[in-house]
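**Q** This structure is in structure tokens; I'll ask about it shortly.
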Amino acid sequence: MPKYNVSIEIEYRSYHEDEIEAEDETEAVDIAESNFYNDEYHDELRMNMETQDEHYDANKIIERVKCPVCNQVYYEDNQNDDPISVGYELVKEHYEKGYSINKEKEDE
């Protein structure tokens, strides 16, 4: 079964009111902002959360393998008669069996 990389983007909107004791409006806003960044409103904001927009995007993950002999990169393909697909299956089978290629230094 093929695999897909799915990106999920969700935009939320939430509304919450809080009674804050402060010297003036600026200080009240600063305290509210500090409370928000310290997660003091987390539960209230989650309870009042509404989804504004959502976007999903899926991209097929195409597996690739590199031949240990010729260094050719083969990509997974569903067409069995395609040389790229045949090469992919052969190299994948090679790795799945745990085989490796040992290159020895030639004597000069």
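**Q** Highest mean first, how do 4-12, 44-52 rank when packing is the count of other Cβ atoms within 10 Å averaged over residues?
**A** 44-52, 4-12
**Q** Return, ordered by residue number, the residues of the range 1-37 whose backbone nitrogen is under 14 Å from a label point located 7 Å along Cα→Cβ of HIS55.
**A** Residues 7-12 qualify, since their backbone N sits under 14 Å from the label point.
**Q** List every residue whose amide H lies under 5 Å from the amide H of GLU63, counting only residues 5 or more places away in sequence or on a different chain, with H placed 1.01 Å from N in the peptide plane.
**A** Here the answer is GLU76, since their amide H atoms fall under 5 Å of that of GLU63.
**Q** Apply the Karplus parameterisation 6.51 cos²θ - 1.76 cosθ + 1.60, with θ equal to phi minus 60°, to every residue of the range 43-55 and state each ³J(HN,Hα) to the nearest whole Hz, in sequence, with x for glycine and proline.
**A** 5, 5, 5, 5, 5, 9, 6, 10, 7, 8, 7, 9, 9
**Q** Here's a follow-up. Restricted to Cα positions, what overall size does the range 3-59 have along the principal axes? Three whole-Å values, descending.
**A** 57, 17, 16
Read the figures in this text as sums done on the coordinates, not as results from a lab. Because the structure is a prediction, the values reported are computed rather than measured. Positions of Cβ are backbone-derived with ideal geometry, glycine not excepted, and every protein chain shown enters the neighbour counts.
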